[in-house]
Amino acid sequence: MSRVRLLTDCHLYAILDSAYLGDRDPGKVASEMIDGGVDLIQIRAKDRTPSEIVSWTREVMHVARRASVGVIVNDDPETAASLDADGVHVGQDDLSIPLARSIVGAGRWVGKSTHSLEQAVSAEREQADYIGVGPIFATPTKPNYTPVGRQLIQRIAPRVKLPFFCIGGIKLENVEQVLKQGATRVAVVSGILTAPDIAAYCRDLKARLGAKVALAAPA
C-alpha cells in the first residue's frame with residue numbers, strides 16, 4: 001500500500017467522532033471535510049459496535065482515497081489493517097506503539113496521544129509516526145483530562161522532530177493562540193462537527209494553518 005501523502009504535508013487533522021456525528025452519514029460528512037481541505041481523517045467511534053466501525057471506515061475511505069486524504073482508525077489496528085487504512089491512533093492507556101505496529105503492519109502510520117513533554121519524547125523514542133499533543137484547552141470530548149495549556153507547545157516544538165498535532169478544544173476562535181506558540185498542525189473535533197457549514201469551516205482553518213506554514217518555511 002502506498003501512502004496517500006507524506007505526514008509532513010499534513011496540517012489539518014479532522015476527527016470524525018461518533019459523539020458529535022449523531023445520525024448523519026459518515027461518508028457525507030467526510031466528503032464535506034475533504035471539500036474544506038482536511039489532510040487526515042480519524043474514525044473515532046467508541047460507542048459503536050465493531051461492525052459499525054468497519055462500515056464507517058469503508059465509507060470514509062471510499063471518499064478519502066479519491067482525494068488522497070489519509071484515514072486513521074482510533075485504537076483498532078485490526079480494522080485498520082484489514083481495510084487497508086492508512087494507520088491507527090492509540091492513547092496512553094491503549095496498545096504500545098510496537099504492539100500496534102506489529103498488528104497494523106508495515107507501511108502504515110501509528111500515532112499516539114501525549115499529554116506532557118515526557119510522553120512526547122517517549123513516543124518519539126518508541127518510533128511513533130506522529131503524536132497528538134493536548135488537550136490544549138478544556139474539551140467535552142475528553143472531560144476527565146486537565147488541559148495541558150498552550151505553553152506545552154513551546155516546550156515540545158524544539159525537542160520533538162516528528163510531526164505533532166495540537167488537539168483539545170481547538171476552534172476557529174482560538175486556533176491563532178495555538179499557532180502563536182509555534183504549532184503548525186492541529187486536530188479538530190467538535191469545532192468541525194458542530195459547524196453549520198463544515199466545508200467552509202475547514203477552509204477557514206486550513207487558510208490560517210497555510211499562512212502559518214508559509215511563515216515557518218525556510219527562506
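Residue check: Thr114 meets all listed conditions (1) within 25 Å of Val178 (Cβ to Cβ); (2) surrounded by 18 or more Cβ atoms within 10 Å (Cβ to Cβ); (3) in contact (Cβ under 8 Å) with a residue 60 or more places away in the chain but one, namely (3). Scan the stretch 97-133 for residues that are at pLDDT 95 or above and either touching a His at 6+ places or on another chain (Cβ under 6 Å) or among the small types (Gly, Ala, Ser) (or both) and jot them down. Within the stretch 97-133, Ala100, Ser102, Gly111, Ser113, Ser116, Ala120, Ser122, Ala123, Ala128, Gly132 meet the criteria. Of the residues Pro147, Pro140, Pro158, the single one that is under 24 Å from Glu124 (Cβ atoms) and touching a residue at least 12 places away in the same chain (Cβ under 8 Å) is Pro147. Are any of the residues in the stretch 122-136 acidic (Asp, Glu) and touching a helix residue (DSSP H, G or I) at 6+ places or on another chain (Cβ under 8 Å)? Looking for residues that are acidic (Asp, Glu) and touching a helix residue (DSSP H, G or I) at 6+ places or on another chain (Cβ under 8 Å), one finds at least one in the stretch 122-136, hence yes. Residues of the stretch 101-130 that are within 21 Å of Ala187 (Cα to Cα), in a helix (DSSP H, G or I) and among the small types (Gly, Ala, Ser): Ala120, Ser122, Ala123.
Based on this model, can you work out whether Val88 counts as within 17 Å of the chain's Cα centre (by Cα), among the hydrophobic types (A, V, I, L, M, F, W, C), closer than 20 Å to Arg185 by Cα and at pLDDT 95 or above? Considered against the rule, which asks whether it is within 17 Å of the chain's Cα centre (by Cα), among the hydrophobic types (A, V, I, L, M, F, W, C), closer than 20 Å to Arg185 by Cα and at pLDDT 95 or above, Val88 comes out as yes. Does Ser102 satisfy being closer than 24 Å to Asp9 by Cβ and of a type in the set (Ser, Thr, Tyr)? No. With respect to (1) assigned to a loop (DSSP other than H, G, I, E, B); (2) under 23 Å from Thr49 (Cα atoms); (3) in contact with a Ser or Thr (Cβ under 8 Å, 6 or more places away or on another chain), the lone exception for Asp94 is condition (3).
The values are calculated or read from the model by the stated rules, or taken from the named source; none is laboratory data. None of these values were measured; they are calculated from a predicted model. Cβ: placed from backbone, ideal geometry, glycine included. Neighbour counts: every protein chain shown.
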